[in-house]
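The values are calculated or read from the model by the stated rules, or taken from the named source; none is laboratory data. What you see is a predicted model; the values in this text were computed from it and never measured. Methodologically, a virtual Cβ is constructed for each residue, glycine included, from the backbone with ideal geometry; neighbour enumeration extends over all protein chains shown.
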Amino acid sequence: MPLTQPTQKVETFTLKNNRGSEATLLAWGATLASFKVQLVSGERREVVLGCDSIEDYQKQEAYLGATVGRYANRIKQATISHLGNALSLTANQGVHQLHGADDFSHREWQGEQLANNKVSFTLFSADGTCGYPGNMQARVDYTLDDDNQLIIDYSASVDKTCPVNLTDHSYFNLNAAADSTIKQHQLYIAGDYYLPVDSEGIPQAGLKSVENTGFDFRQAKTIAKDLGKDDDQKLVGGYDHSFLLQPAVVERGEAVARIVADDQSLAMEVYTDKPAIQLYTGNFLTGTPARSGDSYQAHSGLALETQYLPDSPNRPDWPHKSCWLEPGQAYYTQTRYRVYEPNN
Ligand code: BGC
């Protein structure tokens, strides 16, 4: 449920680089609404899904391009426990919480254009919002550099201990045809392990090796190749899972994921300092209002959400650093999308 009344007067910001590429951001949800990449051929290609009106953004349920917080992904039973204390959050997907119960994605941020190629959004989330402890101040900066990299810098602070997991929920499709799917995109993910979930998207047991499963993207392959084949995919209608990223790859600052258009004309790499990434192949996008005025179909785009593993506030056993932010600590993370022409 939107936390504030939908409004048509949402501020829009345009970023431009010296190569002729352009990104459009909305203050609503600090949303990446469009990313048009200038190609050598003269074509300017849109690489993210989006709607054609603010009203459509406010009614769609796919988190198109939104900034998600305070905690991206699912929290089991909408309950978090820390040092023996349990706290109830707002449930927004059955008994669970998904994407922070929409706090960050469904309201207007304060935006400020800092340069032709940079915008900054800030948000204050009051103590108790969606059940979370403490006041939180969050900031998201988008920068479009001349290497066609869209760089997203997140920072946050809290005045009570609170789990924080901010991510970008853009859906990518690198094909020229706006009505295409991503099923023939090649995908690489630097992940040796994925996290199985139950039919409600909640992890029950631990991580599983990708070896000999459809989750093995260590050698790039098309999405279609093993889409829907594993029992773990059947539970949730396709790929909708987190991968634990190879720590050495993250450490070295190398790309953790790569997608390539059907005809190989365009590619995109994802860089992050986060330990995990959620691959969501848009299994339930059907009916989502599209930029064309029409609507998207299943697999029109795919999301690669850099984050902590799902339900980590309740899972101190997950093999990555704690998602809990303490007062006085600074939360900071960066996600970088680099779009390039492999043949140019
Ligand atoms: C989740 C999906 C969900 C989608 C839209 C993704 O991040 O993993 O399960 O359907 O967001 O809400």
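For the subset of region 199-211 comprising residues that are closer than 18 Å to GLN246 by Cβ and in a loop (DSSP other than H, G, I, E, B), which member is modelled with the lowest pLDDT?
Going through the qualifying residues, I end up with GLY206.
Does PHE243 satisfy the criteria of being surrounded by fewer than 23 Cβ atoms within 10 Å (Cβ to Cβ) and among the aromatic types (Phe, Trp, Tyr)? Give the derivation first.
Numbers: surrounded by fewer than 23 Cβ atoms within 10 Å (Cβ to Cβ): no; among the aromatic types (Phe, Trp, Tyr): yes.
Judged against the criteria, PHE243 is not a match.
For (1) without any contact (Cβ under 8 Å) to a residue 12 or more places away in the chain; (2) under 21 Å from the mean Cα position of the chain (by Cα), each residue gets a yes or a no:
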residue: LYS36; (1), (2): no, yes
residue: GLY42; (1), (2): yes, no
residue: VAL47; (1), (2): no, yes
residue: THR67; (1), (2): no, yes
residue: ILE80; (1), (2): no, no
residue: GLY111; (1), (2): no, yes
residue: ASN116; (1), (2): no, no
residue: VAL119; (1), (2): no, yes
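Would region 300-320 turn up any residue that is farther than 30 Å from HIS82 by Cβ, at pLDDT 95 or above and among the small types (Gly, Ala, Ser)?
Among the residues of region 300-320, at least one is farther than 30 Å from HIS82 by Cβ, at pLDDT 95 or above and among the small types (Gly, Ala, Ser), which makes the answer yes.
So which residues in region 212-238 are more than 16 Å from the ligand (Cβ to nearest atom), in a loop (DSSP other than H, G, I, E, B), under 21 Å from the mean Cα position of the chain (by Cα) and not small (Gly, Ala, Ser)?
ASP216, PHE217, ARG218
Quick test for you: out of GLN110, GLN93, GLN77, pick the one residue that is closer than 27 Å to ASP153 by Cβ and either of a type outside the set (D, E, K, R) or modelled with pLDDT under 95 (or both). Break it down into steps so the answer makes sense when it comes.
Working: GLN93 fails: closer than 27 Å to ASP153 by Cβ; GLN77 fails: closer than 27 Å to ASP153 by Cβ.
Checking each option against the conditions leaves just GLN110.
Filter region 330-344 down to the residues that are hydrophobic (A, V, I, L, M, F, W, C) and surrounded by 12 or more Cβ atoms within 10 Å (Cβ to Cβ) and list them by number.
Answer for region 330-344, where residues must be hydrophobic (A, V, I, L, M, F, W, C) and surrounded by 12 or more Cβ atoms within 10 Å (Cβ to Cβ): just VAL339.
Taking the residues in region 185-198 that are assigned to a loop (DSSP other than H, G, I, E, B) and touching a helix residue (DSSP H, G or I) at 6+ places or on another chain (Cβ under 6 Å) as candidates, determine which candidate is nearest to LYS76 (Cα to Cα). Steps first, answer last, please.
So the first thing to find is which residues in region 185-198 are assigned to a loop (DSSP other than H, G, I, E, B), and the list is 185, 190, 196-198.
Applying the additional criterion that residues be touching a helix residue (DSSP H, G or I) at 6+ places or on another chain (Cβ under 6 Å) yields 185, 190, 196.
On the way: HIS185: 32, ALA190: 26, PRO196: 14 Å.
Top of the filtered list is PRO196.
Scan region 270-293 for residues that are in a strand (DSSP E or B), more than 16 Å from the ligand (Cβ to nearest atom) and of a type in the set (Gly, Ala, Ser) and jot them down.
If the condition is that a residue be in a strand (DSSP E or B), more than 16 Å from the ligand (Cβ to nearest atom) and of a type in the set (Gly, Ala, Ser), then no residue fits.
Could you tell me whether any residue of region 294-303 is within 13 Å of the ligand (Cβ to nearest atom) and part of a strand (DSSP E or B)?
Checked region 294-303: at least one residue is within 13 Å of the ligand (Cβ to nearest atom) and part of a strand (DSSP E or B).
Consider GLN307 against the criteria (1) without any contact (Cβ under 8 Å) to a residue 24 or more places away in the chain; (2) within 13 Å of the ligand (Cβ to nearest atom): it satisfies all of them except one. Which criterion is unmet?
(1)
Name the residue that is surrounded by the most Cβ atoms within 10 Å (Cβ to Cβ), counting only residues in region 36-73 that are away from the ligand (no atom under 12 Å from the Cβ) and of a type in the set (S, T, N, Q).
Restricting to residues being away from the ligand (no atom under 12 Å from the Cβ) and of a type in the set (S, T, N, Q), the top hit is THR67.
Suppose we keep only residues that are over 20 Å from ASP226 (Cβ atoms) and not in a loop (DSSP other than H, G, I, E, B) within region 239-269. Which one would you say is nearest to the ligand (Cβ to nearest atom)?
Looking at residues that are over 20 Å from ASP226 (Cβ atoms) and not in a loop (DSSP other than H, G, I, E, B), I get MET268.
Looking for whichever is more than 27 Å from THR143 (Cα to Cα), away from the ligand (no atom under 13 Å from the Cβ) and surrounded by 21 or more Cβ atoms within 10 Å (Cβ to Cβ) here; the options are ALA78, ALA86, ALA91. Which one fits?
Numbers: ALA86 fails: surrounded by 21 or more Cβ atoms within 10 Å (Cβ to Cβ); ALA91 fails: surrounded by 21 or more Cβ atoms within 10 Å (Cβ to Cβ).
The conditions single out ALA78.
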